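K.L.:
After the structure tokens below, expect a handful of questions from me.
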């Protein structure tokens, strides 16, 4: 996906999130225990502002978080600042990120597009409305991001986070696949590795791109996808994703 496509998806999902969360400010968010719609709006506003200030300052902003107005006003202002910052920068410009292999503004554009689509799903659940479809290209890129930048990277850089889960893994694999893309995820024994493409595996998770993305982010149950093979290794993958996508 290119810069323009990420911006299009970011704007579409923000617009949808903003529209549905306004009617759910007091409603619980099923996928974010303890949160209401107002908490969700405030969280997204804080994330947008944090990334905007990180790009502006070149360091992690501190102290944090700032005092915010009411959640919906804060959300509107934070989004305006975020897209304004993107409009002034080249995607190849250097920017501090938590993912060492990619220290660019483009990383944050991609990350904010995916942050927004996932929280748009949360807002729809809180509002009790049907999910808008997730475009296939965005969903497949989101799968690549979460498997590579979250799961595999965390297992190598922060092994203690997944230590108890990796301890009894022996290198068995799970194939994640949609109509247009696939990833083989190898669990352990020392870390998680991810390879693009389709290969023979002990287990598999298959489905439409949006459904698989929702499953990976724990915004959908097993009935949203097709599970094949060894359910133990699928359960291990699901547990690790729960740790790395909190």
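K.L.:
Mind telling me which of 160, 76, 102 comes out most flexible in a GNM of the chain, alpha-carbon contacts under 10 Å?
P.N.:
Of the options given, 160 has the highest mean-square fluctuation.
K.L.:
Can you divide the C-alpha Rg of region 1-143 by 2.2 N^0.38 Å and report the result to two decimal places?
P.N.:
Cα-based Rg divided by the globular estimate yields 1.02.
K.L.:
Continuing with the same structure: Roughly speaking, what is the stretch gain from residue 246 to residue 160, that is 0.36 nm per residue apart minus the C-alpha to C-alpha distance, in nm to one decimal? Show your work: numbers first, answer last.
P.N.:
Numbers: separation 86, 0.36 × 86 = 30.96 nm, distance 1.53 nm.
Additional length available on full extension: 29.4 nm.
K.L.:
Let me ask you something else. Compute the FRET efficiency between residue 167 and residue 136 as 1/(1 + (r/R0)^6), taking r as their Cβ-Cβ distance and R0 = 41 Å, and round to the nearest 0.05.
P.N.:
For R0 = 41 Å, the calculated efficiency reads 0.65.
K.L.:
To continue, here is another question. For region 126-246, which semi-axes, largest first and in whole Å, follow from the square roots of 5 times the eigenvalues of its Cα gyration tensor?
P.N.:
So the equivalent ellipsoid measures 23, 16, 13 Å along its semi-axes.
K.L.:
Could you pull the Cα extents of region 92-134 along its three principal axes, largest to smallest, in whole Å?
P.N.:
Largest first, region 92-134 extends 40, 16, 12 Å along its Cα principal axes.
K.L.:
What value, in deg cm²/dmol to 500, does the helix sum -39500 (n - 2.57) over DSSP H runs of n ≥ 4 give at 222 nm once divided by the residues of the chain?
P.N.:
-16500 deg cm²/dmol
K.L.:
Can I ask one more? Using only the Cα atoms of the chain, what semi-axes does the equivalent ellipsoid have when each is the square root of 5 times a gyration tensor eigenvalue? Give whole Å, largest first.
P.N.:
30, 21, 17
K.L.:
Measure nothing fancy, just the Cα-based angle from helix 37-57's long axis to the longest principal axis of the chain, in degrees from 0 to 90, nearest 10.
P.N.:
Taking Cα atoms only, the helix is inclined about 80 degrees.
K.L.:
How far is helix 3-21 tilted, in degrees, relative to the longest principal axis of the Cα atoms in the chain, given as a value from 0 to 90 rounded to the nearest 10?
P.N.:
70 degrees
K.L.:
Continuing with this model, one more query. Using only the C-alpha atoms of region 1-42, find the volume of their convex hull and express it per residue in Å³. Before the final figure, lay out each step's value.
P.N.:
Working: hull volume 3.1 nm³, N = 42.
Cα convex hull per residue, to the nearest whole number: 74 Å³.
K.L.:
Starting from 0.36 nm per residue, how many nanometres of slack lie between residue 199 and residue 239 once their C-alpha separation is accounted for?
P.N.:
Separation in residues times 0.36 nm, less the Cα-Cα distance, equals 12.2 nm.
Read the figures in this text as sums done on the coordinates, not as results from a lab. Predicted model, so just to flag it, every value in this text is computed and none were measured. Using ideal geometry, Cβ is built from the backbone for each residue, glycine included, and neighbour counts are taken over all protein chains shown.
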